[in-house]
Amino acid sequence: MKAFAGKVLIIVQNLPVPFDRRVWLEAKTLRDHGLHVSVISPKSREHFKSHEVIEGISVYRYAMPIQAEGVLSYLFEFAYSWMMTALLSLKVLLRDGFDVIQACNPPDTYWLLGMLYKLGGKTFIFDHHDLSPEMFDSKYAGGKDAGGKDAGGKRLLRTILVWLEKMTFKTAKIVMSTNDSYKEIAVNRGHKNPQDVYVVRTGPDLNRLKSVPVEPQLKNGKPFMVCYLGEMCPQDGVDLLIESIEYYLHGLQRLDTHFVLVGGGPAMPLMKELAESKGLQDHVQFTGRVSDQDLCRYLSSADVCVDPDPWSEWSNHSTMNKMLEYMTFGKPIIAYDLEEHRNSAGRAAVYVKPNDTRLFAKAVSRLLDDPSERKLMGHFGSARIRGQLSWAHTQKALLAAYHRLFPTMMSADDAEQNILDLVLSRIQTNAVDDLVYHMDSSLYFVNAGDEDQLLLITEKLLQYDDQLTRSPLNSLDE
């Protein structure tokens, strides 16, 4: 039996695994550094097995009986999911074992499970994905109804959410925040020691997201294509995007653009109905959830990408993964002017006055008419991802957090050596023709079978580890 430096159980309720990209990246990284990883998540139509081992990671799932919409259904969902997760955690404990529970929110309910297992010597880590109280505010206007009057039950629910967050911070030995804004909240509102809070950004996985040749047919006969990517929830601003598209088509009189909205989510059917009610169905395509392959096709072919998240305390402090994925494909972005949007994208985006749908449409129009600016913005975003924000860089904070708990786990240097050993073995068996490394926008080609050349170049690259991004080991055609 393989010896592990430690065993980890990751709990996530918001999305199924491996569809939850952050959780899956974390799980694979911990596995690669000598830890045994189990995951508990809900099922979906795409991921329906109760248990399976995927790439060495043991995934346990439970069925969700309803799609929560109102307050009462959310309360039922939280209680049901908590009970199913607790039962499955016992199964994991007996079958795989674990030393650490890493709970990902929302919701902030798993601190109680962490507290119970702490009695048995387990460690509880909080992976802080979302600001639950602020997300509630963005959905329900801070506990007020549409007329601005207090909605008593919702106000009470918000108070409970604040308490649950407080208890989650209190129970956690380590907090992993998705950005510096979340870390500040963990320290100030959660009263955590800054040394116990690690900023683990959800950097794109460059092994998964790769540009492919542009496919003009995806543009539906139009010169331009604008792309939106993401799960569609009530707070995500897709309704504002549809308003912008309506003005773009009828107010600006532009019929030269195909709009593609990639992703599912609970609000997707309503957003599709909204677009159809405005007569936009010939110009707006809803794809639903797509494979990684199709995602890469759409983003590679897009001329401009958009993030319509409106201003709220939640969105202003949250990092939107879609922004980083747009940048990975070198796409210029139109987004509302939010703090974390600027922290993520910098020069790669045009920032519009929050929630102004007409200005948003005008910004899209101007950018489509300026190919040189689009190219410049795209290059900036791509370089920022490869130089700072890809998972190859951001995973280091995850490893630093876990190294505190498992000092004997594989170091980053050991992982580099394992990769080098793999490369050498595959070259010796003629499994690959070439190996390509990207560093500081330079390319290094290694001829098949030339071990001395490989070792010299690898030694040079490892001296610049902070700037290194490694591509997968692909066979390259001559």
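Rule-based calculations on the coordinates, nothing more; no lab input. Nothing here was measured: the structure is a model prediction, and the numbers come from that model. Positions of Cβ are generated from backbone atoms using ideal geometry, with glycine treated the same way; all protein chains shown enter the neighbour counts.
Sorting check: for 272-280, 258-266, which peptide has the highest mean count of neighbouring beta carbons within 10 Å, and how do the rest follow?
Packing proxy ranking, top to bottom: 258-266, 272-280.
So for the range 216-389, what percent of the C-alpha to C-alpha distances run longer than 26 Å?
Counting pairs separated by more than 26 Å, the tail of P(r) holds 19 percent.
Write out the GluC sites (Glu not before Pro) in the range 1-73 meeting two conditions: DSSP loop, and at most 13 other Cβ atoms within 10 Å of their Cβ.
When the GluC sites (Glu not before Pro) of the range 1-73 are filtered for loop state and at most 13 Cβ neighbours within 10 Å, GLU46, GLU55, GLU69 remain.
Among 121-129, 218-226, what's the highest-first ranking by average C-beta atoms within 10 angstrom per residue?
Listed from highest to lowest mean packing, they are 121-129, 218-226.
Tell me which trypsin sites (Lys or Arg not before Pro) from the range 24-82 have a DSSP coil assignment and no more than 16 other beta carbons within 10 Å of their own.
LYS43, ARG45, LYS49
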